[in-house]
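First comes the structure, then the notes that go with it.
The values are calculated or read from the model by the stated rules, or taken from the named source; none is laboratory data. In this text the structure is predicted, and so the values were computed from the model without any measurement. Methodologically, a virtual Cβ is constructed for each residue, glycine included, from the backbone with ideal geometry; neighbour enumeration extends over all protein chains shown. Each accessible area value is taken on the protein alone, full model and side chains, heavy atoms only, with ligands, DNA and RNA left out. Shrake-Rupley method; radii C 1.70, N 1.55, O 1.52, S 1.80 Å.
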Protein chains: 2
Amino acid sequence: MGLEFKSRVTLAHGAGGRETSEIVRRLFLERFRFTRVSGGVGLPELDDAASIPVGGGRHIVVTTDSYTVNPIFFPGGDIGKLAATGTINDLAVMGAIPVAVLDSIVVEEGFPLEHLDRIVNSIKDTLESENVALIGGDFKVMPRGSIDKIVITMTGIGILYTNRILLDSNVKPGDKIIVTGSIGEHGATILALQSGIDVESSSLRSDCQPLTRIMRRILDIGGVHAAKDPTRGGLAMALNEFAKKSNVGIIVWEDRIPIRDEVKMYSEMLGVDPLTLACEGRALLSVSPDKACEVLEELRSMGCSDAEIIGEAVDDYKGMVILKTVSGGLRVLEEPMGEIVPRIC
Amino acid sequence: MGLEFKSRVTLAHGAGGRETSEIVRRLFLERFRFTRVSGGVGLPELDDAASIPVGGGRHIVVTTDSYTVNPIFFPGGDIGKLAATGTINDLAVMGAIPVAVLDSIVVEEGFPLEHLDRIVNSIKDTLESENVALIGGDFKVMPRGSIDKIVITMTGIGILYTNRILLDSNVKPGDKIIVTGSIGEHGATILALQSGIDVESSSLRSDCQPLTRIMRRILDIGGVHAAKDPTRGGLAMALNEFAKKSNVGIIVWEDRIPIRDEVKMYSEMLGVDPLTLACEGRALLSVSPDKACEVLEELRSMGCSDAEIIGEAVDDYKGMVILKTVSGGLRVLEEPMGEIVPRIC
């Protein structure tokens with residue numbers, strides 16, 4: 001227990017699992033006194049985005065993330081599409097409609113302009129498809145050898161769609177846990193490429209896509225208590241954050257978790273648990289039981305054919321995620337630890 | 001004229017001078033269709049920050065920048081203080097009071113936690129001194145060799161102090177041009193360190209400091225038409241942006257520009273023009289002539305002993321900056337070109 005504050009930063013500190021939570025707590029949470037504005041959502045929530053009240057009971061929602069994915073081009077997307085999508089999704093799962101982004105691009109001297117061109121076009125296409133404006137940014141170049149190709153940091157600003165913000169801490173016992181599609185495809189794709197496996201010939205590709213439309217329709221139905229996009233640390237991390245922050249238990253039925261065969265195959269080959277692999281186009285939802293079926297049907301009607309109710313929140317097992325395995329056993333699904341996959345997003 | 005779209009990114013593309021303007025125009029301005037929200041300040045202004053109307057005639061102001069400075073510790077500050085200060089200043093010179101930031105830190109595997117500790121403390125101290133909250137962020141680690149030490153991207157959010165946003169395009173003929181302190185100290189410090197010169201024994205240090213209090217007092221006096229912090233590209237770039245965006249001429253009296261002897265000495269030694277060296281704690285102001293003396297006196301009473309009226313905006317020479325040299329001659333002060341200094345901020 002507790003953080004052994006090692007003398008140097010390790011890859012695990014940035015992997016999005018337990019060590020990341022620990023270093024963020026130690027460096028920021030326990031240190032900064034001003035961590036929210038006028039009762040908005042701030043640093044202590046460690047949620048997908050923060051909020052700032054702007055008067056009249058309204059909030060803007062804001063998020064920032066750096067994208068360091070390697071390789072920068074991959075089946076299903078590239079670092080530009082990923083940055084725009086990830087930013088949009090962090091807002092969408094808070095219940096916000098994204099309206100604007102600012103980007104900060106740092107590239108290595110000698111980076112091909114043709115690549116930059118493709119990447120910026122991906123950002124443009126993604127933002128335009130969601131009616132999101134690019135209102136500002138920064139552009140820096142670092143000398144050759146001081147940064148590997150390109151890092152994009154993107155900041156998104158949205159407005160709440162309903163007047164309620166979807167916090168990870170709002171899962172209620174009895175809620176059904178829904179995932180909007182099959183999991184782990186982004187993580188499996190990147191990890192396979194990093195391992196030198198040719199995935200072009202397979203059907204494996206990143207699931208990278210904006211969740212705005214899906215979230216809006218689901219919010220129209222109502223009953224959604226919490227939402228989260230399971231990126232770094234995958235489904236295992238997202239479920240644990242729901243359970244810990246809401247102080248509920250979450251039972252997950254292993255055989256209900258939608259995982260495509262290619263993801264299972266590559267995970268086995270690469271020795272990783274698909275439940276820890278990042279998704280970049282899926283949402284995890286906690287929905288009141290009376291609305292869960294309607295939400296699921298709506299998702300499927302929108303083309304999310306793999307959407308599934310994978311579990312439920314309970315009063316027992318507070319703060320824990322319990323996996324009911326295919327063989328009928330129970331096991332604790334821990335938050336991921338260790339390196340998982342560096343530069344996954 | 002025009003951008004020769006070379007096949008690879010060069011250091012000059014990121015130096016903050018003419019080539020940066022050109023690549024930003026080509027990659028973003030000419031490409032994106034949605035570049036502002038509801039009539040706010042957006043990408044086309046290429047100003048220090050953008051704005052988003054939030055109802056009731058009010059705007060939030062938002063900015064993002066990546067900090068890649070090398071070395072990461074320097075006399076007068078470090079990359080953490082620089083990031084917090086730079087973010088705060090980009091809001092302050094738009095006429096906004098900073099209220100919140102989000103940071104995204106990308107570090108190299110193996111980076112000493114003790115250094116991270118010092119850097120985060122610098123961010124904390126700077127933000128707390130200005131009553132700015134840290135409301136969120138991101139933390140990523142890149143494998144050894146894929147990033148040099150640390151890059152910090154910081155996003156700042158502020159609210160307008162008066163109801164008016166200070167645009168670079170609002171300089172009026174007749175305005176007096178004021179600089180709030182001696183110039184080039186940040187740039188000279190970093191450049192000297194990069195050149196292997198020991199500056200510790202000299203009095204040279206970065207001028208890195210927040211401008212919030214200064215800007216607030218000056219806005220209380222009134223008459224400020226435009227403000228800008230002369231960072232990358234220095235005073236020469238900032239003056240040119242005023243002149244071009246406002247379509248006025250700006251006459252600057254060389255002998256009035258406050259430059260400390262150490263900066264002159266190091267500039268000469270290093271072969272750079274101090275007018276192109278970054279400041280990180282100075283503002284360039286365009287003030288109506290009836291208020292200029294009052295603003296200058298207020299600045300000096302606040303401890304800005306080197307503050308000076310360095311020139312004036314005129315109807316002639318539209319879009320140009322004209323330097324009246326000490327010898328009495330006139331020369332055009334161009335926007336800087338070429339590499340200037342990489343990783344200066």
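General remarks:
- Failed item, numbered, when B:Val41 is tested on (1) at pLDDT 95 or above; (2) assigned to a loop (DSSP other than H, G, I, E, B); (3) within 13 Å of A:Asp138 (Cα to Cα): (3)
- Restricting the stretch B:197-230 to residues that are outside any loop (DSSP other than H, G, I, E, B) and of a type in the set (A, V, I, L, M), the residue that is farthest from B:Asp48 (Cα to Cα): B:Ile221
- Residue satisfying condition, being of a type in the set (Ser, Thr, Tyr), in the same structural domain as B:Arg213 (by TED's automatic domain parsing) and over 30 Å from A:Met142 (Cβ atoms), within set B:Tyr317, B:Tyr266: B:Tyr317
- B:Arg58 being open to solvent by 10 Å² or more (accessible area, probe 1.4 Å), touching a helix residue (DSSP H, G or I) at 6+ places or on another chain (Cβ under 9 Å) and basic (Lys, Arg): no
- Meets criteria (at positive phi and in contact with a Cys (Cβ under 7 Å, 6 or more places away or on another chain)) for B:Gly184: yes
- Members of the stretch B:267-290 found to be touching a Lys or Arg at 6+ places or on another chain (Cβ under 9 Å) and open to solvent by 60 Å² or more (accessible area, probe 1.4 Å), listed by number: B:Pro289
- Only listed residue being among the β-branched types (Val, Ile, Thr), in contact with a helix residue (DSSP H, G or I) (Cβ under 6 Å, 6 or more places away or on another chain) and modelled with pLDDT of 95 or more, chosen from A:Ile119, A:Ile97, A:Ile52: A:Ile119
- So B:Thr85, is it modelled with pLDDT of 95 or more, facing chain A (nearest Cβ under 10 Å) and open to solvent by less than 10 Å² (accessible area, probe 1.4 Å): no
- B:Val37 meets the conditions (1) closer than 25 Å to B:Leu191 by Cβ; (2) surrounded by fewer than 24 Cβ atoms within 10 Å (Cβ to Cβ); (3) free of Cβ contacts under 8 Å to residues at least 60 places away in the same chain in every case but one. The failed one is (1).
- Of all residues making up the stretch A:115-135, the number that are facing chain B (nearest Cβ under 7 Å) and under 24 Å from B:Ser146 (Cβ atoms): 2
- Considering residues of the stretch B:22-38 that are more than 7 Å from every other protein chain (Cβ to nearest Cβ) and in a helix (DSSP H, G or I) only, the residue farthest from B:Val9 (Cα to Cα): B:Leu29
- In the set (1) crowded, with 24+ Cβ neighbours inside 10 Å; (2) out of contact with any strand residue (DSSP E or B) (no Cβ under 7 Å at 6 or more places or on another chain); (3) outside any loop (DSSP other than H, G, I, E, B), the condition left unmet by A:Lys264 is number (1).
- Filter pass, B:Ser301 being polar (S, T, N, Q) and either without any contact (Cβ under 8 Å) to a residue 40 or more places away in the chain or open to solvent by 40 Å² or more (accessible area, probe 1.4 Å) (or both): yes
- Looking only at the stretch B:215-235, residues that are over 13 Å from the mean Cα position of the chain (by Cα) and either buried (at least 24 other Cβ atoms within 10 Å of the Cβ) or under 19 Å from B:Ala192 (Cα atoms) (or both) come to 4 in all.
- Some residue of the stretch A:136-144 being more than 7 Å from chain B (Cβ to nearest Cβ) and under 23 Å from B:Thr10 (Cβ atoms): yes
One line per residue, one yes/no per condition, for (1) more than 22 Å from the chain's Cα centre (by Cα); (2) farther than 20 Å from B:Arg18 by Cβ; (3) free of Cβ contacts under 8 Å to residues at least 12 places away in the same chain:
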{"position": "A:Gly95", "(1), (2), (3)": "no, yes, no"}
{"position": "A:Phe111", "(1), (2), (3)": "yes, no, no"}
{"position": "A:Leu116", "(1), (2), (3)": "yes, no, no"}
{"position": "A:Ile123", "(1), (2), (3)": "no, yes, no"}
{"position": "A:Glu128", "(1), (2), (3)": "no, yes, yes"}
{"position": "A:Gly136", "(1), (2), (3)": "yes, no, no"}
{"position": "A:Phe139", "(1), (2), (3)": "yes, no, no"}
{"position": "A:Met142", "(1), (2), (3)": "yes, no, no"}
{"position": "A:Ser146", "(1), (2), (3)": "yes, yes, no"}
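- Checking each residue in the stretch B:304-333 for being part of a loop (DSSP other than H, G, I, E, B), of a type in the set (Gly, Ala, Ser), open to solvent by less than 60 Å² (accessible area, probe 1.4 Å) and within 28 Å of B:Leu191 (Cα to Cα) picks out only B:Ala307.
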